[in-house]
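See structure below.
We did not get these values from a lab; they are worked out from the coordinates using the rules stated. Remember, it's a predicted structure, so these values are computed and weren't measured experimentally. Every residue, glycine among them, receives a Cβ derived from its backbone with ideal geometry; neighbour counts consider all protein chains shown.
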């Protein structure tokens with residue numbers, strides 16, 4: 001049974017490490033960091049997002065796909081060849097790990113949209129890729145695209161995160177931004193596609209907690225042609241940030257104030273300019289407030305943001321050390337991998353975003369159309 | 001003589017097993033390189049003296065009754081959860097929900113504490129838990145507090161030492177706070193009586209000697225006292241009227 005038929009509520013661990021000078025480091029650090037919080041997961045989901053790992057293929061969308069069988073792969077490849085220019089194609093390099101059981105077939109494809117198809121569709125390449133991914137996931141049984149960004153990749157499994165990292169050989173990759181998730185689903189059968197991070201284009205989200213406003217959020221976001229197929233909290237969170245930042249051009253700070261706004265009595269205490277700004281955001285995007293306990297890490301090519309619900313019902317710790325910034329559910333996870341002395345370690349307040357962007361970046365999401 | 005235990009990269013079950021074994025023949029233990037291991041000293045009874053170097057994991061000293069633990073580092077969430085007796089001194093800061101449902105003993109934190117410190121602390125007869133915080137506290141300090149004492153020293157004179165929603169749903173016990181006090185309904189702020197001053201003086205002295213901080217800027221008269229207006233604020237809610 002797949003996600004969407006049952007409700008999920010979860011405990012979970014999250015962690016993220018970024019080098020703001022774009023210095024590359026292997027997946028070993030993030031694996032060690034998340035492994036410290038082993039007790040927060042139960043082996044039913046672990047995964048990573050890594051940015052900067054495909055330097056030879058920066059212009060291509062890297063599709064990572066799970067297949068239940070050969071037939072699903074054949075159908076998917078037919079679809080890809082028809083709509084996209086398919087470059088390098090390979091079976092995902094994997095390592096045998098005893099605790100990672102019954103993996104699906106896992107393949108990756110480096111692709112671009114065909115110009116003619118883009119013209120016919122009259123949309124940007126990003127938008128075209130979103131549609132293509134949604135089409136595969138919705139119409140081809142036994143195929144699931146779980147990663148579709150440029151120069152980044154999501155790697156996830158039904159396993160403890162440290163075992164998933166071993167399985168995907170993440171020690172052999174180098175990136176400047178890594179996030180991780182260890183899952184503790186209490187109400188659902190484990191499913192490879194349902195592990196975190198959730199990904200769309202360059203966005204990836206890892207999430208600890210549950211969103212009780214899910215249906216209100218979903219109804220709003222579905223008016224803007226997002227289709228929530230997984231019915232998980234994490235999927236809707238990803239779409240909300242894509243909508244606010246990529247489509248509506250909100251800054252990351254404003255997007256954070258939409259999903260985790262101050263309470264009304266706190267807004268009343270602000271100076272007039274901020275009071276007006278916060279009122280306007282709540283008036284326009286009130287349906288995108290995320291209610292319930294959560295801590296999330298949102299990442300994209302230019303950086304990451306960690307955020308708690310506004311009354312801090314999940315734990316979150318952040319730390320800085322030179323060009324590196326760390327976030328994690330527990331302080332010990334940061335201390336394990338901090339290289340020397342942490343300059344600053346703190347617990348962010350509820351609703352107070354911790355934003356870490358690459359040096360020189362204006363905002364978190366690099367628009368592919370502008371970059372080209 | 002104390003037993004030395006190395007916690008480096010050990011799973012919490014293994015580490016706690018080693019601690020238990022060491023304390024079967026010794027009263028003192030020093031645990032080094034602790035990083036994230038949960039449940040240290042859980043349910044431990046007796047007058048043990050334990051030093052922890054590093055950052056212990058969640059639920060440090062949960063249900064503990066008697067030991068004196070000193071942590072040279074920060075503590076994570078849920079330290080002194082439902083602690084029954086003994087003492088914990090943190091030479092650093094604490095995560096969220098420290099002293100959750102605590103029933104007895106005392107906890108001293110040199111620096112700051114996270115959200116919901118002292119949530120639902122309670123007292124009965126001789127058992128009166130105490131939480132002393134040197135710096136500031138996150139939101140919901142003393143939420144649903146039913147008994148015991150919380151002292152917020154605010155030694156660095158923060159403008160808002162206790163964040164938002166302090167003493168929400170408080171219906172017993174007392175919070176002494178130095179600095180700007182903002183509380184919700186159901187509680188009131190009073191000036192100190194002679195007995196209050198004695199209690200404060202005692203705990204400030206303990207704090208000073210534990211952490212070797214002289215608190216020169218801290219005057220007893222600067223503290224406010226927060227208590228609940230009634231001891232059964234929800235009686236109408238549950239009485240069926």
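Some observations on this one:
- Other protein chain C-beta atoms within 10 Å of residue C-beta, averaged over A:307-317: 4.
- As a proxy for reagent exposure, A:134, B:83 were ordered by neighbouring Cβ count within 10 angstrom, fewest first; the result is A:134, B:83.
- Kirkwood's formula applied to the C-alpha pairs of the stretch B:65-110 gives a hydrodynamic radius of 10.2 angstrom.
- Between the stretch A:33-73 and the stretch A:121-200, the alpha-carbon center distance in angstrom: 5
- Using the average count of surrounding beta-carbon atoms within 10 Å as a protection proxy, the listed peptides A:73-80, B:73-80, B:117-124 rank, highest first, as B:73-80, B:117-124, A:73-80.
- Oblate is the label for the stretch A:141-192. Its Cα gyration tensor axes, ordered a ≥ b ≥ c, give a/c of at least 1.5 and b/c at or above a/b.
- Relative contact order of chain A, defined on C-alpha pairs under 8 angstrom at six or more residues apart (%): 25
- Prolate/oblate/rounded label for the stretch A:285-372 (Cα gyration tensor, a/c 1.5): oblate
- Estimated translational diffusion coefficient (Stokes-Einstein, Kirkwood radius over Cα pairs, 10 °C, 1.306 mPa s) of chain A: 77 µm² per second.
- Built from the Cα atoms of the stretch A:184-251, the convex hull projects on average onto 5.0 nm², one quarter of its surface area.
- Calculated P(r) tail over 25 Å for the stretch B:93-238, as whole % of Cα pairs: 18
- Rounded to the nearest 10 degrees, the angle from helix B:194-211 to the longest Cα principal axis of chain B is 30 degrees.
- Peptide packing for A:141-149, A:198-206 was compared via the average number of neighbouring C-beta atoms within 10 Å per residue; ordered from the highest value, the list is A:198-206, A:141-149.
- Taking packing as the residue-averaged number of other Cβ atoms within 10 angstrom, the listed peptides A:259-267, B:147-155, B:193-201 run from highest to lowest as B:147-155, A:259-267, B:193-201.
- In plain terms, the bigger the Kirkwood radius, the slower the diffusion; for the stretch A:83-226, with that radius from Cα pairs, at 10 °C and 1.306 mPa s, Stokes-Einstein puts D at 93 µm²/s.
- Taking the longest Cα principal axis of chain B as reference, the axis of helix B:12-23 is set at about 80 degrees.
- Cα gyration tensor category, rounded, prolate or oblate, for the stretch A:93-169 with a/c compared to 1.5: prolate
- The length gained on full extension between residue B:4 and residue B:191, counted as 0.36 nm times the residue separation minus their Cα-Cα distance, comes to 62.6 nm.
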